[in-house]
Amino acid sequence: MRKGLAWLTAATLVTAMLVAAQVTAAPPALAAPGDPFSPAAPVVFIAQGNPSQLQRAETAGDGSFSFSDEGGAAPVGYNAIGFNPADNYIYGLVSNQEATGIPRGSLVRIGEGGVVTRVGTTVYTHPGATGTQATRWFAGAFNPADGLYYASDSGPNRTMLAINVSTGAIVRTITFPAQPGVQDFVFKDGYAWGVTADGTVRRFDVSSTSGTFTDFPGAMPEGPGGYGAAWAFGNGNLGFSANTSGDVTQLQIIDGNTATPTFIVVNTVTGPDSSLNDGTSIPGLPADLEIEKTGSASFTPGDRIGYEITVTNNGAGISSGWTVTDTLPAGLSNPTVTGTVTHAISGSTITVSGGRLDPGASVTFQIEAETAVSPPACIVNTASILGNEEDPDTSNNEASAQSCAQSLEIEKSSTATADSRVGGHHHVHDHGHQHGRGRLHDVEPRRGVRRPLRRPRRR
Ligand SMILES: [Ca+2]
Ligand SMILES: [Ca+2]
């Protein structure tokens, strides 16, 4: 086989012809196999199997991840993938299929359709190791802080390389005192972060040739079989995929560059299980998500009360998913959630996860809860939203609805409905200090800001 076709071994004839045509054709208007990926659409990539099959992981309406093949199987097995925002290609290191003429330990670039191209002629090895173990690279990611590509083994090799993919040069060889023990990592706050099978978050300091790592036990759910894929969401949170269960957990890290970071599990959604895998992501463009909430203006104590929550993507980017958190105030209990969403209830906190929303699109779901027989006169229930991408306008990320008990004292109830408009003739008492003047208010208790209740969108 001619060397030039080595990269196309497993591609279909049609794909091969497209690639061949691309050599002489003008730049295509649409993405063609081998082109860089579009940075505009957020997507998680998983590579798994041997030879590798690149897959796009995208969320369905209920927020769960499903995988779809990106092109055919690659001519080689590769691992330790990372997306390079400088050129919009994925990079990885070859783990198998030397018969193609691409040795193990080679750096490869992966483009649209999963087309693989070797970069340079260097074979990257762990010092002192022999055989296939010397070229084993299980974890990899780009560090936004320096633009370099980092790769390591999970073990027993203890070295991590920092590679400039433009030149192929090894910029730094980092040696850790013990094996890294994670199957993938992703960068945030200048550190590489991975998760061990027992749910320990491991933070790697890669700033010098003498690497160190710090463990934060219990920060993540246990992931039997390990967490083989790690990536960053556009909102700055990290995503980890558990090999055995397929569960995808979104982790928020606050003060990640301090001795005592705070870890918050934002949500866990289902995905396919996998093995021999690795992950990376295209973070996409900022997307302004907006949350609106309506509810019954009044209720009879002991009855169930309903809320409707609408999530809208105001653009400009595509939203790859979102999480709504609704913590019930005193007086509400036994919640239920309906709609095409995934939800979890822990005590009084309801976490609702939803999927992809194009610019302009919206989705609605309902929360119901039981009111106490002796409730507070009025109940203000607030929900907030976190998008997977960067959100340029956080002022519309929280919404509240107020409901007042009508049997305690009839004046302390509202005749308003969720559709009440300014200029109506509704009379509202709010804890005796807020008198409605034909205008129903919602209340943001933490800051005491009052905003007009917005008319729900009808779509
Ligand atoms: Ca990776
Ligand atoms: Ca927003």
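The conditions of being over 24 Å from the mean Cα position of the chain (by Cα) and not hydroxyl-bearing (Ser, Thr, Tyr) are not met by Ala145.
Residues of segment 340-393 that are hydroxyl-bearing (Ser, Thr, Tyr), within 16 Å of ligand 2 (Cβ to nearest atom) and under 18 Å from Ser320 (Cβ atoms): Ser362 alone.
When every residue of segment 404-412 is checked against the conditions, none turns out to be at pLDDT 95 or above, part of a strand (DSSP E or B), buried (at least 16 other Cβ atoms within 10 Å of the Cβ) and not hydroxyl-bearing (Ser, Thr, Tyr). Inspection of segment 129-137 finds no residue satisfying the criterion of being within 29 Å of the chain's Cα centre (by Cα) and in a strand (DSSP E or B). Would you pick out the residues in segment 36-55 that are over 17 Å from Glu389 (Cα atoms) and surrounded by fewer than 18 Cβ atoms within 10 Å (Cβ to Cβ)? Passing the criteria: Pro36, Gly49, Asn50.
How about segment 271-313: which of its residues are in a loop (DSSP other than H, G, I, E, B) and either under 25 Å from Gly223 (Cβ atoms) or within 16 Å of ligand 1 (Cβ to nearest atom) (or both)? Scanning segment 271-313 gives Gly271, Pro272, Asp273, Ser274, Ser275, Leu276, Asn277, Pro283. Of the candidates Ser275, Ser296, the single residue that is away from ligand 2 (no atom under 16 Å from the Cβ) and out of contact with any strand residue (DSSP E or B) (no Cβ under 6 Å at 6 or more places or on another chain) is Ser275. Screening Thr325 on (1) surrounded by fewer than 21 Cβ atoms within 10 Å (Cβ to Cβ); (2) free of Cβ contacts under 8 Å to residues at least 24 places away in the same chain shows it passes everything except condition (2).
Anything in segment 342-366 that is hydrophobic (A, V, I, L, M, F, W, C) and either closer than 21 Å to Ser400 by Cα or in a strand (DSSP E or B) (or both)? List them, or say none. Those that are hydrophobic (A, V, I, L, M, F, W, C) and either closer than 21 Å to Ser400 by Cα or in a strand (DSSP E or B) (or both): Ala344, Ile345, Ile350, Val352, Leu357, Val363, Phe365. Any chance segment 209-222 includes a residue that's within 16 Å of Thr159 (Cα to Cα), in contact (Cβ under 8 Å) with a residue 24 or more places away in the chain and touching a Phe, Trp or Tyr at 6+ places or on another chain (Cβ under 6 Å)? Yes: one or more hits. Only residues that are at pLDDT below 95, hydrophobic (A, V, I, L, M, F, W, C) and buried (at least 21 other Cβ atoms within 10 Å of the Cβ) were counted across segment 234-281, and they come to 3. Here Thr336, Thr268 are screened, and the one residue that is within 14 Å of the chain's Cα centre (by Cα) and assigned to a strand (DSSP E or B) is Thr268. Among the residues of segment 345-360, those identified as surrounded by 15 or more Cβ atoms within 10 Å (Cβ to Cβ) and out of contact with any Leu (no Cβ under 9 Å at 6 or more places or on another chain) are Ile345, Thr351, Val352, Ser353, Gly354, Gly355, Arg356, Pro359. Residues that are farther than 13 Å from Gly82 by Cβ number at least 1 in the following strands (runs of 3 or more DSSP E) confined to segment 140-251: 159-163, 170-175, 186-188, 191-195, 201-205, 212-216, 227-232, 238-242. When segment 147-197 is filtered for residues that are over 24 Å from Thr132 (Cβ atoms) and hydroxyl-bearing (Ser, Thr, Tyr), the ones remaining, listed by number, are Ser166, Thr167, Tyr191.
The values are calculated or read from the model by the stated rules, or taken from the named source; none is laboratory data. The structure presented is a predicted model; accordingly, all values stated were derived computationally and were not measured. Note: ideal-geometry Cβ built from the backbone for every residue, glycine included; neighbour counts use all protein chains shown.
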